[in-house]
Amino acid sequence: MLYFTFAFLVLASLYSGNAALAIFAGILFTYLLQPPATFFTRRIGTMPLQIGIVLLGATISLPYAIDVSSDYLPWISLFVIVSFFTGLILGKLLGIHRRIAFLLSSGAAICGGTAMAAVAPIIKAKPQELLIAMTIVFLLNAVAIILFPIIGGYLEMTNFEFGAWSALAIHDTSSVIGSATIFSNESAQVAATLKLGRTVWLIPLLLIANWIFNKQTEATKFPRFIIFFILAIIANTVFNFNEQAINIFQIISKGFLLVGLFCIGSQFDTNELKSLSGKPFILALIIWAAVIPSAYFLVKYF
């Protein structure tokens with residue numbers, strides 16, 4: 001029964017393709033069957049998550065990312081940096097634990113759940129903290145998919161403007177594409193291209209996260225998957241993987257990420273959840289409230 005339920009919930013998570021639902025499935029698994037502490041989903045920890053991040057690197061080619069977003073790259077970079085550090089500062093002012101603030105800032109500035117999943121093993125985020133951050137971003141993404149096309153139509157934005165706005169102001173790549181597709185196919189193409197410029201910032205994000213959280217630890221504890229992630233990007237850049245290969249890497253990467261998030265959910269502890277407050281949601285809303293008009297102003301006038 002234990003393994004059957006595990007297989008069913010994992011397959012359901014993979015079918016849904018949603019990061020937050022994968023975590024919830026892991027939680028459900030734990031509370032329905034209460035697996036022993038030695039159960040393999042708890043023992044392997046964040047390993048599937050790390051493998052997924054490494055494979056994600058194989059889908060990124062630096063020359064291509066720079067080429068397709070060259071006009072907006074300086075603005076995208078400035079946007080990412082300001083959003084990220086503003087989130088950290090606000091988190092400190094609101095008295096939010098720095099791990100949660102780091103997760104939310106990473107998600108808001110770069111690529112939502114993917115960025116948070118990438119830094120979670122490095123900053124040693126607890127399952128409860130990642131769950132809170134993922135849930136908040138999931139809710140904001142759901143709102144964005146519905147409201148952004150309506151707002152874009154009301155403001156009479158062009159297809160290019162809406163695609164660029166979505167790429168800058170919405171967290172997860174899937175939600176960016178979903179919102180832009182509702183507006184127009186051209187908007188979806190623009191959004192996908194410019195979102196890649198934000199995704200490239202995963203590289204410095206991982207290095208910054210390791211420096212901030214692990215600078216007092218031994219050098220031997222440097223997360224090896226960061227090295228493999230960079231090597232995967234170099235491999236893509238050198239060998240110039242074709243579109244079919246990249247699609248395969250994306251599918252496999254997402255699968256490992258979802259399984260990894262399921263494993264994290266299976267380590268959930270309600271006792272620690274009680275210590276968390278509503279401040280993280282307030283932080284996410286403040287960041288987003290600043291990002292949305294800033295992104296619109298940037299797209300419209302620069």
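Since every read-out is calculated from the coordinates, none of them should be taken as a lab result. Just so it is clear, the model here is predicted, and its values are computed rather than measured. Because the Cβ atoms are built from the backbone with ideal geometry, glycine has one as well, and the counts that use them run over all protein chains shown.
Annotations for the structure displayed:
- Computed from Cα atoms, the angle from the helix 185-199 axis to the main principal axis of the chain rounds to 60 degrees.
- Between 0 and 90°, nearest 10: helix 73-93 axis offset from the chain longest Cα axis: 50 degrees
- Gaussian network model of the chain, springs between alpha carbon atoms under 10 Å - residue of Gly153, Gly260, Gly91 with greatest fluctuation: Gly153
- Taking amide H as placed 1.01 Å from N in the peptide plane, Asp172 has its amide H under 5 Å from the amide H of Gly113, each at least 5 places away in sequence or on another chain.
- Contact order normalised by residue count of the range 115-185, Cα under 8 Å, 6+ apart, percent: 33 percent
- Counting only DSSP H runs of at least 4 residues, each contributing -39500 (n - 2.57), and dividing by the residue count of the chain, the helix-based mean residue ellipticity at 222 nm comes to -25500 deg cm²/dmol.
- Cα centroid separation, the range 229-250 to the range 133-147: 29 Å.
- Calculated FRET value between Leu14 and Ile208, using beta carbons and R₀ = 35 Å, to 0.05: 0.70
- When each of the peptides 10-17, 237-244, 252-259 is scored by how many other beta carbons lie within 10 Å of its residues on average, the order from highest to lowest is 252-259, 10-17, 237-244.
- Helix 47-57 and the longest principal axis of the Cα set of the chain meet at an angle near 20°.
- Listed peptides 289-302, 107-120 by packing density, highest first (mean Cβ within 10 Å): 107-120, 289-302
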